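A quick write-up on the structure given underneath.
The values are calculated or read from the model by the stated rules, or taken from the named source; none is laboratory data. These figures come from a predicted structure and were not determined experimentally. Counting neighbours? That spans all protein chains shown, and the Cβs are built from the backbone with ideal geometry, glycine included.
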Amino acid sequence: MHIVIMGCGRVGSTLAHILEDNGHSVAIIDRDPQAFRRLRVGFRGRRVTGIGFDRAVLQEAGIESAGAFIAVSSGDNSNIISARVSRETFGVDNVVARIYDPRRAEVYQRLGIPTVATVRWTADQILRRILPEGAEPLWRDPTGAVMLAEVAYNPAWIGTKVTDLEEAAGVRVAFLNRLGDALVTKNDTVIQEGDVLHVIAAENDMDRVNKVFAAAPEERH
């Protein structure tokens with residue numbers, strides 16, 4: 001796949017290297033030619049100097065044959081405009097934009113532009129470590145109606161089957177992390193100490209799910 005990246009900062013250059021190592025062709029755009037110094041020696045992708053929402057610049061980067069566009073410059077407006085131009089003018093369906101303002105990110109998500117809200121994401125990661133109770137969202141669909149979340153659970157559920165917790169909460173456990181490995185749960189999967197559960201559910205249903213997970217299972221006879 002050919003992938004165009006706007007922004008050759010730390011994130012953009014890291015993505016360029018990872019994508020190239022995975023066999024993709026890459027073009028990276030930055031208005032400052034000095035930014036390309038972040039690229040390693042031997043980087044084979046295109047370096048395009050210019051503004052990422054300029055059509056001629058995008059064409060020079062190969063946007064017309066691109067399977068994806070990534071906007072990770074330091075400007076929210078530039079990232080969103082370039083993502084929209086890539087999608088609406090050049091028909092690139094797979095676009096993502098980094099946004100620093102979480103309020104803007106939510107708006108653009110609802111408009112169908114996938115975003116990564118840097119500040120909010122970092123805050124969520126910290127909160128998940130210091131306030132483990134409840135749920136912290138890991139992903140939302142573009143409408144904001146469905147979310148994937150890590151949900152804390154009452155230790156009394158340890159030793160019971162995941163399906164018992166799913167039935168009680170009326171929710172699907174998408175996967176769990178166990179000793180550093182991600183596992184897709186099966187009908188006979190038993191919750192072990194240290195397991196981290198990830199559920200997929202409607203956002204407006206998460207309060208109820210949190211309450212069920214936080215409570216001890218009903219006594220079974």
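Can you name every residue in the range 189-213 that is part of a helix (DSSP H, G or I) and surrounded by 15 or more Cβ atoms within 10 Å (Cβ to Cβ)? Break it down stepwise before answering.
Just the residues of the range 189-213 that are part of a helix (DSSP H, G or I), to begin with: 203-213.
203, 205, 206, 209, 210, 212, 213, listed by residue number.
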- Quick count over the range 195-221, residues being within 16 Å of residue 157 (Cβ to Cβ) and touching a strand residue (DSSP E or B) at 6+ places or on another chain (Cβ under 7 Å), is 8
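Under the condition of being without any contact (Cβ under 8 Å) to a residue 60 or more places away in the chain and assigned to a loop (DSSP other than H, G, I, E, B), which residue from the range 46-76 is surrounded by the most Cβ atoms within 10 Å (Cβ to Cβ)? Let's see the steps before the verdict.
Of all residues in the range 46-76, those without any contact (Cβ under 8 Å) to a residue 60 or more places away in the chain come to 46-61, 63-64, 75-76.
Keeping just the survivors that are assigned to a loop (DSSP other than H, G, I, E, B) gives 50-54, 61, 75.
On the way: 50: 16, 51: 16, 52: 29, 53: 22, 54: 15, 61: 27, 75: 16.
The extreme case among them is 52.
Could you tell me how many of the residues in the range 150-167 are in a strand (DSSP E or B) and of a type outside the set (Val, Ile, Thr)? Don't jump to the end; show me each part of the working.
First pass over the range 150-167, keeping only residues in a strand (DSSP E or B): 150-151, 161.
Those left that are additionally of a type outside the set (Val, Ile, Thr): 150, 161.
The qualifying residues number 2.
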- Report, by residue number, each residue of the range 77-104 that is over 13 Å from residue 115 (Cβ atoms), among the hydrophobic types (A, V, I, L, M, F, W, C) and not in a helix (DSSP H, G or I). 90, 92
- Note on the structure: Across the range 77-93, the tally of residues that are touching a Gly at 6+ places or on another chain (Cβ under 8 Å) and either buried (at least 20 other Cβ atoms within 10 Å of the Cβ) or without any contact (Cβ under 8 Å) to a residue 12 or more places away in the chain (or both) stands at 3
- Query: Which one of these is of a type in the set (A, V, I, L, M), surrounded by fewer than 20 Cβ atoms within 10 Å (Cβ to Cβ) and without any contact (Cβ under 8 Å) to a residue 60 or more places away in the chain: 11, 96?
  - Reply: 96
- Item | Residues (surrounded by 19 or more Cβ atoms within 10 Å (Cβ to Cβ), among the small types (Gly, Ala, Ser) and over 17 Å from residue 95 (Cα atoms)) located in the range 14-45 | 35, 45
- Task: Starting from the range 19-40, keep only residues that are part of a helix (DSSP H, G or I) and at pLDDT 95 or above, then list their pairs with residues that are surrounded by fewer than 18 Cβ atoms within 10 Å (Cβ to Cβ) and among the basic types (Lys, Arg) whose Cβ atoms are within a distance under 6 Å, requiring at least 6 positions of separation or different chains.
- Result: 36/47
